[in-house]
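The values are calculated or read from the model by the stated rules, or taken from the named source; none is laboratory data. Every value quoted in this text rests on a predicted model; they were computed, and no experiment measured them. Here the Cβ positions follow ideal geometry from the backbone for every residue, glycine too, while neighbour counts run over all protein chains shown.
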Amino acid sequence: MPLLMNRTDIEVVLWSEDRLVTRAWLLENIKGAAGVLVLLTETVNAELLEAAGPNLRVVSTLSVGYDHIDLLLMAQRNIRVGYTPDILTEAVADLSVMLALMAGRNDGPTYSLAKNGEWAKYMHNWSPFTFCGPQLSTTASSPNRTVGFLGFGRISQATLARLVPFGITHCIYTSSPTSKPDTARDAALKAKHKLAAVERVDLDRLARESDVLFVLSPGGKETYHLVDATFLRKMKEMSVLVNTGRGTVVDSDALATALHEKWIWGAGLDVVEGEPHIGTDHPLVKEPRCVIVPHIGSATFETRMDMVTRAIDNLMGGLSGGEMPSELRV
Ligand code: DGY
């Protein structure tokens with residue numbers, strides 16, 4: 001990380017391997033540190049703070065999500081926290097649309113055909129509806145499409161903007177029960193995208209009415225398993241669920257059952273509860289209509305470079321006692 005290593009005003013201890021840092025190394029090397037830059041795979045809890053000792057003033061995470069950080073503890077110890085909002089909005093919105101298309105259009109069972117040399121075999125058994133799936137864009141015979149968002153922050157709104165050219169007609173969403181309705185914002189979005197509706201609804205309507213549902217809420221206790229068997233049972237048979245938020249929001253076993261028993265059409269997942277320990281025996285991996293990519297939402301060169309720069313600016317700002325460009329205030 002040359003941006004940090006070239007500095008002469010601080011001593012930098014760097015995990016230099018191209019793999020996740022081990023907990024043992026982190027606990028050993030954080031001793032006495034004034035600041036730490038972490039990934040979302042590092043749990044920032046009492047254990048880590050104990051290992052660091054009383055000098056620790058700043059935690060900077062290379063992520064927009066912060067469910068790996070015990071924020072209450074940070075507040076109690078007066079430790080400032082930096083994160084990387086906004087920067088990765090477009091990259092995650094891109095991936096969300098990609099997963100909606102892949103899940104709807106049978107990427108699971110079709111992707112490997114040519115790679116495995118089975119294209120001709122498949123053509124031999126071809127019929128007009130082989131490998132058909134629900135179309136994301138509207139057609140003359142199917143002119144309405146409702147897109148649902150569980151969580152309606154920056155990434156959801158960027159995803160909605162990408163879906164407008166597909167002919168999406170209705171947008172429904174749920175937000176945290178503690179957030180105030182923003183009817184002016186919704187009216188502005190409705191006008192801007194020429195939609196029939198942009199409406200905040202309850203979970204019941206979100207489940208029943210979404211043709212494509214994007215799960216884009218933060219993790220944590222408040223959102224744990226909001227998408228469970230009861231929710232999935234209410235969804236349309238031809239609907240597609242995309243999760244680019246946090247794995248813990250969706251009950252994996254319930255989703256596997258929903259796919260297996262065809263309560264819904266398909267799922268596209270960038271995040272899964274328990275990641276990265278998702279083996280070939282995982283019930284979702286076994287479902288042909290479940291497309292899974294390994295948490296690559298922000299993985300573009302442009303976005304990651306900007307995230308690294310912001311994370312370092314946050315760290316340095318905090319260390320100097322000055323402004324952090326993206327400080328998390330809870
Ligand atoms: C984050 O940074 O929190 C996201 O999960 C990246 O995809």
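Points to keep in mind about this one:
- Scanning the stretch 236-271 for residues that are away from the ligand (no atom under 14 Å from the Cβ), in contact with a Leu (Cβ under 6 Å, 6 or more places away or on another chain), part of a helix (DSSP H, G or I) and hydrophobic (A, V, I, L, M, F, W, C) yields 254, 256, 258.
- Each residue in the stretch 145-182 was checked for being more than 17 Å from the chain's Cα centre (by Cα), assigned to a loop (DSSP other than H, G, I, E, B) and hydroxyl-bearing (Ser, Thr, Tyr), and 3 pass.
- Of residues in the stretch 77-92 being farther than 30 Å from residue 289 by Cβ and among the charged types (D, E, K, R), the one nearest to the ligand (Cβ to nearest atom): 86
- Note on the stretch 38-62: residues that are within 16 Å of the ligand (Cβ to nearest atom) and either β-branched (Val, Ile, Thr) or in contact with a helix residue (DSSP H, G or I) (Cβ under 8 Å, 6 or more places away or on another chain) (or both) total 9.
- Across the stretch 195-235, the qualifying residues are those that are of a type in the set (Lys, Arg) and closer than 24 Å to residue 85 by Cα, and the one among them that is farthest from the ligand (Cβ to nearest atom) is 200.
Residue by residue, here is whether (1) in contact with a helix residue (DSSP H, G or I) (Cβ under 9 Å, 6 or more places away or on another chain); (2) of a type outside the set (Gly, Ala, Ser); (3) without any contact (Cβ under 8 Å) to a residue 12 or more places away in the chain; (4) surrounded by 12 or more Cβ atoms within 10 Å (Cβ to Cβ) holds:
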position	(1), (2), (3), (4)
176	yes, no, no, yes
180	no, yes, yes, no
193	yes, yes, no, yes
198	yes, yes, no, yes
202	no, yes, no, no
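- Residue among 216, 259 that alone is surrounded by 16 or more Cβ atoms within 10 Å (Cβ to Cβ), under 15 Å from residue 171 (Cα atoms) and among the hydrophobic types (A, V, I, L, M, F, W, C): 216
- If you go through the stretch 93-107 and pick out every residue that is of a type in the set (D, E, K, R) and either within 16 Å of the ligand (Cβ to nearest atom) or in contact (Cβ under 8 Å) with a residue 60 or more places away in the chain (or both), you end up with 2.
- Test result for residue 95, more than 19 Å from residue 327 (Cα to Cα) and in contact with an Asp or Glu (Cβ under 9 Å, 6 or more places away or on another chain): yes
- Filtering the stretch 272-288 to residues that are within 16 Å of the ligand (Cβ to nearest atom), buried (at least 17 other Cβ atoms within 10 Å of the Cβ) and not charged (D, E, K, R) leaves 272, 278.
- Test: residue in the stretch 69-78 that is more than 19 Å from the chain's Cα centre (by Cα), modelled with pLDDT under 90 and on the phi < 0 side of the Ramachandran plot: no
- Annotation: residue 152 fulfils all but one of (1) surrounded by fewer than 18 Cβ atoms within 10 Å (Cβ to Cβ); (2) more than 19 Å from residue 266 (Cβ to Cβ); (3) hydrophobic (A, V, I, L, M, F, W, C); the unmet one is (1).
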